[in-house]
1. Check Gly265: other-chain or 5+ apart residues with amide H under 5 Å from its amide H, H built from backbone geometry?
2. Rounded to the nearest 10 Å², what accessible area does His514 show when all protein chains are kept and the probe is 1.4 Å?
3. Rounded to the nearest 10 Å², what accessible area does Ile326 show when all protein chains are kept and the probe is 1.4 Å?
4. With a 1.4 Å probe and every protein chain left in place, tell me how much accessible area Lys79 has, in Å² to the nearest 10.
5. Any idea how far the Cα center of the range 166-228 sits from the one of the range 294-312, in Å?
6. Using alpha carbons only, how many degrees (0 to 90, rounded to 10) separate the axis of helix 458-467 from the longest principal axis of the chain?
7. Below 8 Å between Cα atoms, with a sequence gap of 6+, how large is the relative contact order for the range 31-178 in percent?
8. In what sequence, highest mean first, do 33-41, 259-267, 80-88 appear when ranked by Cβ atoms within 10 angstrom?
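The values are calculated or read from the model by the stated rules, or taken from the named source; none is laboratory data. Small disclaimer: the values here were computed from a predicted structure and weren't measured. Every residue, glycine among them, receives a Cβ derived from its backbone with ideal geometry; neighbour counts consider all protein chains shown. Each accessible area value is taken on the protein alone, full model and side chains, heavy atoms only, with ligands, DNA and RNA left out. Shrake-Rupley method; radii C 1.70, N 1.55, O 1.52, S 1.80 Å.
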Amino acid sequence: MLLVRRTAETVVRRNYLRSFSASQARQNDRKGLVLGVFEKEGDESSLHLTEAATRFDQSLSGKLSELLKISGPALKKGKSRVFYGIHKDFPCVAAVGLGKSNASVCGAENCDTSKENIREAVSAGCRLLQDLEVKHVEVDACGDAQSAAEGAILGLFQYDQLKAKKKNKVITQLYESTDIPRWEKGVLYAEGQNLARLLMEAPANHLTPTIFANTIEEKVASHGETVTVKKRSLAWIEEQKMGAFLSVSRGSEEPPVFLELHYRGAPDSSQAPLVLVGKGITFDSGGISLKPSPSMDAMRADMGGAATVCASVVTAAALKLPINIIGLAPLCENMPSGKATKPGDVVTAKNGKTIQVDNTDAEGRLILADALCYGHTFNPRAIVDVATLTGAVDVALGSAACGVFTNSDWLWEQLHKAGIVTGDRVWRMPLFQHYTRQVTDSQLADLNNIGKHSRSGGACTAAAFLREFVTAPHWAHLDIAGVMSNKDEVPYLGKGMSGRPTRTLVEFAAGLAHKD
């Protein structure tokens, strides 16, 4: 009798485990759906759903509309609500608020509000389903498949490479739309920005100049037919007489690397290239002019310019843009040591100009000076440098926009146009001669790296310094210090390093690629 009871218990246990395993399998395979809902306009009595959401609602005989009406107030922009078990293929359906359907380009905000609303809403829905451990999410195009893809991929990014407990990974795809090309384009744009975020978040001991260069080399390996990588050594840097760059790197035990990426996408190989230059300080202690310790850990992202430039070239190659691009990234650490450059030292840049280094924490402009000189050797169509350069631009613009200094109205128009599309926002800043006088007033050398009045117009003074190394008629300097990190300013990016303005650089390059 005892044997019979134990046998029965064993059978029950096995059946339970099978049932539990099947339930878990279904749980792991379950799919989610993100659908868009616009705000009501005027005296509208019915809900204003997207086309895909309308068709979904009709397939359920109006059940989605009914649930939206009885489950709470109307969905506001960027808010989301989940419904369970209303569709056999999608156990979890997230309805997301898209704001007004007539949103368009806003001059005051310098962005396309409609696209931004879609990114914000889709990211909110995807993150909500990610928290519910949904593995596969289909996304409503919401009228712009590229923006929907960007919102989904950017919103789901999480830097957890060094954590034992990983965030739930979600696979996304477009829901019931034929606009696959624009969705795929949006995925590539967002993955490019996520690459920059990945690099910027990495601790400095996990991303030295050498590791940075090797990482980028791995990322472009699949585009070997169009991308050439050159990792220039200390010996090469010395041969090039890049004294300004060397003055920053000498305080560190880590060797500097001058990284070059050559993307050949134009049908005409002789086409003048777009040259992108990125500041690559993989950790900035301030050198002898040591920074205060609070928030110094964020200086692991002081290579944000190099990260966005390299990620842009990787993305351009993935998109097969018909343009030639050269990406330059001077990579090093800025550390204090017995070998470090001292305040008051004079160094010589690649173009022969001497620089009095009165503040070793104004190091970004030094490494960019030599990189800009080198960039001119390629007879570029335009030169754009990108750098987390000054705290002053953060004071001026905060996280609202990148500060742009340029000697070219044409170049500004192209960058401005790209920033509106991507929502990154760029803002033109002045290049007054007043600031040139500040940096050329040096007691010991041709230039001073901080200018006569270092606290006044700091971002402008830094740009004026860089201009001393530019002869190209089309040059722009993007100071991205204010947009380096994100708290809650851009909802679809979440907290952490932002990777801005990668998508703007890609959109800018794409715009140039399709010009006559």
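1. Those qualifying (amide H under 5 Å, at least 5 residues apart or on another chain) are Ile323, Asn324, Ile325.
2. 130 Å²
3. 10 Å²
4. Near enough 130 Å² of accessible area.
5. Centre-to-centre distance over Cα atoms comes out at 16 Å.
6. 60 degrees
7. Values: 277 pairs, mean separation 39.9, N = 148.
RCO, the range 31-178: 27 percent.
8. On the way: 33-41: 23.2, 259-267: 19.2, 80-88: 14.8.
Taking the mean over residues of other Cβ atoms within 10 Å, the ranking is 33-41, 259-267, 80-88.
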